[in-house]
């Protein structure tokens with residue numbers, strides 16, 4: 001996503017430390033303490049401008065939500081949304097999650113959301129795709145038994161690749177949707193990308209996969 | 001497929017017993033003897049009018065092919081095609097393959113093709129879909145290790161269901177194609193249905209799955 005550089009972003013993120021968790025690696029294994037309750041923990045990797053994670057948090061007060069986004073200039077918009085919505089069950093991390101095992105303890109996470117991840121279309125960049133096996137290893141390590149990886153994309157090639165990657169890893173496809181928006185699922189919270197691409201007539205794909 | 005009743009079909013099939021194998025259950029475990037060689041055996045379930053199986057047989061003289069079709073009034077067209085093509089490596093069975101283990105021995109089959117199978121869209125008919133687990137059990141029993149189930153359909157719901165069914169059964173999705181004809185694969189042999197539906201703008205889906 002190309003966005004204008006925002007020199008004030010650093011200060012803004014620090015000012016909003018009730019939403020943007022500082023030094024998040026310190027909370028590994030302690031996220032339920034931070035939220036002050038034992039609700040299931042749902043994590044989105046690549047939260048962008050935050051429409052999905054804040055929408056989900058509003059729809060599901062019974063869960064806690066953490067959105068991870070590396071780009072400072074983008075996450076500030078997510079922080080604005082979360083601040084405005086004033087939800088107790090959502091936090092944002094401005095982290096380059098090179099390894100999610102640094103952020104979460106084994107069995108700490110109930111669901112992981114991958115929404116419109118970078119497709120990295122070239123074969124030589126396969127290892128960067130968030131559905132590559134080295135990432136699946138990380139998800140498996142932090143997810144509870146029966147924990148889900150919920151994946152949405154408009155990118156046909158990435159979806160084809162990912163279904164096969166999940167399957168080769170030994171994951172089970174609990175659900176596959178090849179044209180999500182024809183389902184009119186009232187519980188589907190759309191990301192910014194999803195709204196844009198769907199309105200242009202692109203199909204939205206979704207899978208739900210578990211580690212057995 | 002709705003076709004005119006053909007009262008002469010019975011006689012026609014018997015006259016062409018060099019193509020239509022009579023009493024095929026007698027050949028269980030002996031198909032390579034019938035073909036007179038040790039080439040890999042590829043089986044299509046639901047061959048319809050035979051365009052796929054005869055096209056494949058012409059393209060792949062290194063394999064033997066068996067097409068199974070229950071409907072007499074339809075298989076006669078496949079027999080005509082095979083007779084005209086005069087291929088030594090294709091046979092047709094006019095069988096209701098209630099259980100493929102009656103037709104094939106363990107490890108006798110190298111590939112199984114399911115092309116545009118009846119989607120049986122109602123939930124109560126799930127057990128009739130050729131990708132339901134009771135059929136997968138049969139395929140697993142007769143396929144060699146690393147033997148493939150190659151599935152093509154234009155039916156989105158059946159494809160969604162089938163990917164999940166393969167995965168839940170423990171099969172591995174070696175390949176998933178969500179719009180096959182954009183690939184321009186020169187080796188893709190089209191069925192009659194495939195040509196018709198693709199020309200109307202429908203997507204053709206294909207998966208290749210193995211039993212680990």
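What follows draws every value from the coordinates through simple rules; no lab data is involved. From a predicted model like this one, the values you see are computed outputs, not experimental measurements. Cβ placement follows ideal geometry from the backbone for every residue including glycine, while neighbour counts extend to all protein chains displayed.
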Among the residues of the range A:156-168, which ones are more than 7 Å from chain B (Cβ to nearest Cβ) and free of Cβ contacts under 8 Å to residues at least 40 places away in the same chain? A:157, A:161, A:165
I'd like the full set of residues that are out of contact with any helix residue (DSSP H, G or I) (no Cβ under 6 Å at 6 or more places or on another chain) and under 14 Å from residue A:46 (Cα atoms), limited to the range A:118-137. A:118, A:128, A:129, A:130, A:135
Among the residues of the range B:169-200, which ones are part of a loop (DSSP other than H, G, I, E, B) and either more than 11 Å from every other protein chain (Cβ to nearest Cβ) or surrounded by fewer than 17 Cβ atoms within 10 Å (Cβ to Cβ) (or both)? B:170, B:179, B:183, B:184, B:185, B:186, B:187, B:188, B:189, B:190, B:191, B:200
Test set (1) within 21 Å of residue B:177 (Cα to Cα); (2) within 14 Å of chain B (Cβ to nearest Cβ); (3) surrounded by fewer than 15 Cβ atoms within 10 Å (Cβ to Cβ) - residue A:209 fails condition number: (3)
